[in-house]
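Asker: My questions will all concern the structure given below.
The values are calculated or read from the model by the stated rules, or taken from the named source; none is laboratory data. Because the structure is predicted, anything quoted here is derived from the model rather than measured. As a convention, Cβ positions derive from the backbone with ideal geometry for all residues, glycine included, and neighbour counts pool all protein chains shown. When the accessible area is computed, the model is the full protein with side chains, heavy atoms only, and any ligands, DNA or RNA have been set aside. Shrake-Rupley method; radii C 1.70, N 1.55, O 1.52, S 1.80 Å.
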Amino acid sequence: MKMVLLGPPGAGKGTQAERLCERYEMAHISTGDMLRAERREKTPLGLAAQSYIDKGELVPDQVIIDMVAARLQKDDCQKGFLLDGFPRTVAQADAFGAIADVDIAINIDVPFDRLIDRISGRRMCPDCGAAYHVSVQKGDKCPKCGGKLYQRDDDKAETVENRLKVYQEQTQPLIDYYEQKGLLKTVNGDQPIERVLESIAALLG
Ligand code: AP5
Ligand code: MG
């Protein structure tokens, strides 16, 4: 299966991707996670991406397209993959369409007024990439792997506002893009995590 997860920042793409990839044995391709890993390792790509991420802007298309194209060459993608946070622009979607197919694009629909709370309360594990919310996860230890949970720099209020604006201007058009290709399905993301998961699973059959 070759799947795209669409949705605004905080919609739950990473949360669902983790569960879906475990259940359906797909490779999880999260461009946000890849960029954060590059940044931690202080690679040239990571350092170049940092200023965009910190401002809530998109990293230039060609950088992302090259990074995803290289990732697709890895063996684990043979069994199928789930794209989380990519494509983010029509140019990225077109470039991706030239190198691989998409079977289904799932849009996780969440009212905008829910997103700020989700993002501001998010805590991430640097080791396994899992995301939690402070209202559910007490303490700073990842229950899965013991990593020390942290708050993403771009989850601060001033950056979040710009991320949401950038989403509306540059990424939201992809909903129509995949609709026109007959590939789009939408799920209600404003329900408990396990319910969202089952809604997606029902679409996948
Ligand atoms: P990226 O890391 O992709 O961030 P994003 O798209 O802004 O999305 P998030 O990761 O913030 O949200 P999510 O939908 O994954 O939500 P999550 O599951 O964590 O990108 C970061 C930056 O990198 C970009 O701004 C850009 O600079 C750059 N970048 C990345 N990809 C790029 C690309 N393709 N092109 C150019 N630049 C790119 O959940 C959020 C919170 O909500 C958590 O606390 C979670 O526990 C909670 N939650 C989840 N589901 C539910 C639920 N159903 N009910 C209640 N709470 C829930
Ligand atoms: Mg994410």
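Asker: Filter region 49-82 down to the residues that are open to solvent by 40 Å² or more (accessible area, probe 1.4 Å) and in a loop (DSSP other than H, G, I, E, B), then identify the one that is nearest to ligand 1 (Cβ to nearest atom).
Answerer: For region 49-82, the residue satisfying everything is E57.
Asker: Name the residue, out of N107, N162, that is in contact (Cβ under 8 Å) with a residue 12 or more places away in the chain and more than 27 Å from L72 (Cα to Cα).
Answerer: Of the residues listed, the single one that is in contact (Cβ under 8 Å) with a residue 12 or more places away in the chain and more than 27 Å from L72 (Cα to Cα) is N162.
Asker: Can you find, within region 123-176, the residue that is modelled with the lowest pLDDT among those that are surrounded by 13 or more Cβ atoms within 10 Å (Cβ to Cβ), closer than 26 Å to T89 by Cα and of a type in the set (G, A, S)?
Answerer: G129
Asker: Show the residue pairs that are 6+ apart or on different chains and have beta-carbon atoms under 8 Å apart, the first residue being within region 70-90 and more than 22 Å from Q170 (Cβ to Cβ), the second being β-branched (V, I, T) and part of a strand (DSSP E or B).
Answerer: Pairs that qualify, where the first residue is more than 22 Å from Q170 (Cβ to Cβ) and the partner is β-branched (V, I, T) and part of a strand (DSSP E or B), are L72/I29; C77/I29; F81/I29.
Asker: Same structure, new question: Within region 17-26, can one find any residue that is within 12 Å of ligand 2 (Cβ to nearest atom) and touching a strand residue (DSSP E or B) at 6+ places or on another chain (Cβ under 9 Å)? Quick ask: steps written out before the conclusion?
Answerer: Filtering region 17-26 for residues within 12 Å of ligand 2 (Cβ to nearest atom) gives 17-18.
Now narrow it down to the ones that are touching a strand residue (DSSP E or B) at 6+ places or on another chain (Cβ under 9 Å): 17-18.
Within region 17-26, one or more residues are within 12 Å of ligand 2 (Cβ to nearest atom) and touching a strand residue (DSSP E or B) at 6+ places or on another chain (Cβ under 9 Å).
Asker: Then there is this: If a residue has to be away from ligand 2 (no atom under 13 Å from the Cβ), of a type in the set (S, T, Y) and not in a loop (DSSP other than H, G, I, E, B) to count, how many in region 101-138 make the cut?
Answerer: 1
Asker: Could you look through region 35-53, keep only residues that are within 16 Å of ligand 2 (Cβ to nearest atom) and in contact with a helix residue (DSSP H, G or I) (Cβ under 6 Å, 6 or more places away or on another chain), and pick out the one that is nearest to D154 (Cα to Cα)?
Answerer: I53
Asker: I need a count of the residues in region 3-16 that are outside any helix (DSSP H, G or I) and either under 15 Å from R152 (Cβ atoms) or in contact with a strand residue (DSSP E or B) (Cβ under 6 Å, 6 or more places away or on another chain) (or both).
Answerer: Final tally of qualifying residues: 9.
Asker: Determine, yes or no, whether G46 is assigned to a loop (DSSP other than H, G, I, E, B) and either in contact with a Lys or Arg (Cβ under 8 Å, 6 or more places away or on another chain) or crowded, with 21+ Cβ neighbours inside 10 Å (or both).
Answerer: no
Asker: Here is a follow-up. Going by what's in this entry, would R71 be described as in contact with a helix residue (DSSP H, G or I) (Cβ under 9 Å, 6 or more places away or on another chain), of a type in the set (K, R), modelled with pLDDT of 95 or more and within 12 Å of G32 (Cβ to Cβ)?
Answerer: no
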